[in-house]
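Enquirer: My questions will all concern the structure given below.
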Amino acid sequence: MSTLSGKTALVTGASRGIGRASALALAGAGAQVLVHYGRAANEAEAVVSEIRKAGGRAEALAADLAAPDAPHKLARDVRAIVGERLDILVANAGISKAAKIEDTTLEDFDRLFAVNVRAPFFLVQQLLPILGQGGSVIFVSSVVARAVVGQLYAYAATKGAIDTLVKYFAAALGERGIRINAVAPGVVDTDMSNFTKTEAGRNAALGMQALKRIAGPNDIAGVVAFLASDEARWITGDTIRVDGGSKL
Ligand code: NAD
């Protein structure tokens, strides 16, 4: 399958987890992929090698998305590699933290919003000049934006903000031929997920889903690649649940 051949893609947080799987899926479909990472240069280079070994094109790009100037820097680095055309942005990088209302600190709250909301907002802003007709932006939201799960107050609010941005960006950018969507995973077995680390957590996750297994990053990446492709040309402004039929 080479539905994305000739296309260029940036995937943030692509050194591991859902981002890594998305980068590999986009490259597998023929796209040139810019593999963004925060600190894990080795892991990002391993993703780049894997893509190149399979005959694809990839480069690794670093930026700490908690830093206010990171989107500007990353967009500048992207342009230095792909020139004046980026077709696909997967704004995947994110952090999570659970805390009681009384225990939530200003620092944690600000960091969650900086990485999960501010960075993707300004990344879209900075990349707009090179996201042209047929461009596809895919955010990674979460089902917790619309359901109460434990003490994820601030994290869930960042994902609610993403769902709102999807609608506003889609309305604003449709006339330029740019589609904006999000995937909203349920529990996925990655470093981030607490649910998948204990038997009790896994059982709780399975109890919430119609499909009785724990999702892996590839279960999400296929939908990301679909949204990036022309097959999804009539989908914009939507957050698509990819959650194995979660009851949440
Ligand atoms: P993960 O922790 O494996 O990956 C997170 C990625 O974001 C990593 O590559 C990390 O380096 C990057 N990142 C974090 N902070 C960064 C920073 N300051 N600068 C640059 N990069 C940074 O977790 P994951 O599950 O693959 O998470 C990917 C996305 O999926 C996140 O947006 C997360 O909120 C979302 N999500 C995950 C789940 C789940 O159950 N795992 C469910 C719903 C949504």
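Where a number appears in this text, it was derived from the coordinates with a stated rule and is not lab data. What you see is a predicted model; the values in this text were computed from it and never measured. Note that each Cβ is placed from the backbone with ideal geometry, even for glycine, and that neighbours are counted across all protein chains shown.
Enquirer: Look at the range 96-116 and say how many of its residues are within 14 Å of the ligand (Cβ to nearest atom) and free of Cβ contacts under 8 Å to residues at least 60 places away in the same chain.
Expert: Final tally of qualifying residues: 10.
Enquirer: Which ones in the range 153-198 are in a loop (DSSP other than H, G, I, E, B), within 12 Å of the ligand (Cβ to nearest atom) and surrounded by fewer than 21 Cβ atoms within 10 Å (Cβ to Cβ)?
Expert: Residues satisfying the conditions are Asp189, Thr190, Asp191, Met192, Ser193, Asn194.
Enquirer: Still on this structure, I have one more. Suppose we filter the range 199-248 for residues that are buried (at least 20 other Cβ atoms within 10 Å of the Cβ), charged (D, E, K, R) and outside any helix (DSSP H, G or I); how many remain?
Expert: Residues that pass the stated criteria total 1.
Enquirer: Shifting gears a bit: Quick check: anything in the range 159-166 of a type in the set (A, V, I, L, M) and closer than 22 Å to Arg39 by Cα?
Expert: Checked against the condition, which is being of a type in the set (A, V, I, L, M) and closer than 22 Å to Arg39 by Cα, the range 159-166 yields no hits at all.
Enquirer: I've got another one for you. Working only within the range 107-120, note down all residues that are crowded, with 18+ Cβ neighbours inside 10 Å and either among the basic types (Lys, Arg) or under 9 Å from Pro71 (Cα atoms) (or both).
Expert: Scanning the range 107-120 gives Arg118, Ala119, Pro120.
Enquirer: Then there is this: Answer yes if at least one residue in the range 135-144 is part of a helix (DSSP H, G or I) and either hydrophobic (A, V, I, L, M, F, W, C) or over 14 Å from the mean Cα position of the chain (by Cα) (or both), and no otherwise.
Expert: Yes.
Enquirer: Then there's this: Please go through the range 52-72 and pick out each residue that is of a type in the set (Lys, Arg) and either closer than 18 Å to Thr12 by Cβ or touching a residue at least 24 places away in the same chain (Cβ under 8 Å) (or both).
Expert: Residue satisfying the conditions is Arg57 alone.
Enquirer: Further, regarding this structure: How many of the residues making up the range 121-131 are within 15 Å of Asn181 (Cα to Cα) and surrounded by fewer than 20 Cβ atoms within 10 Å (Cβ to Cβ)?
Expert: Number satisfying all stated conditions: 1.
Enquirer: Next question. Among Ala44, Ala9, which is more than 15 Å from the ligand (Cβ to nearest atom), under 23 Å from Pro185 (Cβ atoms) and surrounded by 19 or more Cβ atoms within 10 Å (Cβ to Cβ)?
Expert: After ruling out the rest, the residue left standing is Ala9.
Enquirer: Kindly list, by first and then second residue, each pair from a residue in the range 209-230 that is without any contact (Cβ under 8 Å) to a residue 24 or more places away in the chain to a residue that is among the hydroxyl-bearing types (Ser, Thr, Tyr), limited to pairs with Cβ atoms under 8 Å and residues at least 6 apart or on different chains.
Expert: none
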